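Contents: one structure, followed by commentary.
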Amino acid sequence: MISKRIGILGAMPEEINGVVGLLNNKKEVVKGMRTYYTGTINKIEVVVVFSRWGKVASATTVTHLIVEFDITHLIFTGVAGAIDNKLNIGDVVIANSLVQHDLDARPIMNQFEIPLLGKILLSPPNEMLDLAIKSIGDLIKDNVLMTLIASKEQDQFSLLNPKLIVGQIASGDKFFSNNVDKNNLLKVLPEVLCVEMEGAAVAQVCFEYNIPYIIIRIISDEANETSVVDFKEFVIQIASKFGVAIIKKLIQ
């Protein structure tokens, strides 16, 4: 039996490329329209894969990681749109709870409640959360992340010294692109820091299979009318580099 095999999910293909570059003894396995990269990082077995977009696709991917690749832990890194006004582009959010903002089976059950589980929020285990907070906190404290970004890109994206915030992330099959949607979400889920399309679904699968996990998001936009500006370029120039540094720090 393996002692540890870490699944690493990226929310964009560009985000996993750098992580794949870290692998020793790399091999590729293609299944279900997905390419899984196996190997080791710091002598620890890992499997790296693009989650694909949306709740169904990402849940399928992580289920495959668990059932076919026998992972024991999961790390998800990706970008997200800011809902809380205190977040700036480049900030790092670690989820201490996750909710599916588009899940609504009323009047059968409460809004946002996961059928059969009786839960609205899912939270990662404390050991994973504590490790992520310390590791990413060290990167930010030592200014490691900003040294990875050229001054031209710092100016292009108005990148300030990133900060680490721990809190609630909301997931759903919807891209937030205006302030009306943001404000409507905050009326029903006032503690949400940012939104994306995969994390809470991945958390549900990990919860049901008893796999320790952590969801980490880098703020790419303000989830409003400017959301799509230079999005892909941000992923390539900023988020992918932050993601590689975070994975290297977490897997030691």
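The values are calculated or read from the model by the stated rules, or taken from the named source; none is laboratory data. A quick note: this is a predicted structure, and the numbers were derived from the prediction, not measured. Backbone-built Cβ (ideal geometry, glycine too); neighbour counts: all protein chains shown. These accessible areas exclude ligands, DNA and RNA; they are computed on the full protein's heavy atoms, side chains included. Shrake-Rupley method; radii C 1.70, N 1.55, O 1.52, S 1.80 Å.
Across region 136-234, the relative contact order, built from alpha-carbon pairs under 8 Å that are at least six residues apart, equals 27 percent. Within the assembled protein chains, the solvent-accessible surface assigned to Asp142 is about 100 Å², based on a 1.4 Å probe.
Sort Arg52, Arg106, Arg217, Arg34 from largest to smallest accessible area, using a 1.4 Å probe on the heavy atoms of the protein chains.
Values: Arg52 75, Arg106 135, Arg217 0, Arg34 30 Å².
Order by accessible area, largest first: Arg106, Arg52, Arg34, Arg217.
Counting only whole DSSP H helices of the chain, the ones at least 18 Å long by C-alpha along their axis and with mean Kyte-Doolittle hydropathy no lower than 0.0 are 55-69, 126-141. The residues Thr77, Thr147, Thr35, sorted by heavy-atom accessible surface at 1.4 Å with ligands and nucleic acids left out, run Thr147, Thr35, Thr77 from largest to smallest. Approximating the spin labels as points 7 Å out from Cα along Cα→Cβ, the Asp138-to-Lys4 distance works out to 1.3 nm. Select from Gly32, Gly137, Gly81 the residue whose mean-square fluctuation is largest in a Gaussian network model of the chain (Cα-Cα springs shorter than 10 Å). Ranking Gly32, Gly137, Gly81 by mean-square fluctuation puts Gly32 first.
Averaged over its residues, the chain has an accessible area of 46 Å² per residue, based on protein heavy atoms and a 1.4 Å probe. Measuring with a 1.4 angstrom probe and ignoring ligands and nucleic acids, Ile133 comes out at about 60 Å² accessible. Solvent-accessible area of His73, all protein chains in place: 40 Å² (probe radius 1.4 Å, heavy atoms, ligands and nucleic acids excluded).
In region 1-156, the portion of solvent-accessible area held by carbon and sulfur atoms comes to 52 percent [1.4 Å probe, whole percent, DNA, RNA and ligands not counted]. In this simple spin-label approximation, Glu68 and Lys119 carry label points 7 Å from Cα along the Cα→Cβ vector, and these lie 2.5 nm apart. The mean sequence distance of close C-alpha pairs (under 8 Å, at least 6 residues apart), as a share of the length of the chain, puts its relative contact order at 29 percent.
Distance from the Cα centre of region 75-131 to that of region 48-65, in angstrom? So the two Cα centres are separated by 16 Å. Length gained on full extension, Asp173 to Ile108: 21.2 nm, using 0.36 nm per residue less the C-alpha separation.
Working with all protein chains in place, sort Met197, Met128, Met33 by solvent-accessible area computed with a 1.4 Å probe, largest first. All intermediate terms of the calculation are to be shown ahead of the outcome.
Details: Met197 55, Met128 20, Met33 160 Å².
Ranking Met197, Met128, Met33 by accessible area, largest first, yields Met33, Met197, Met128.
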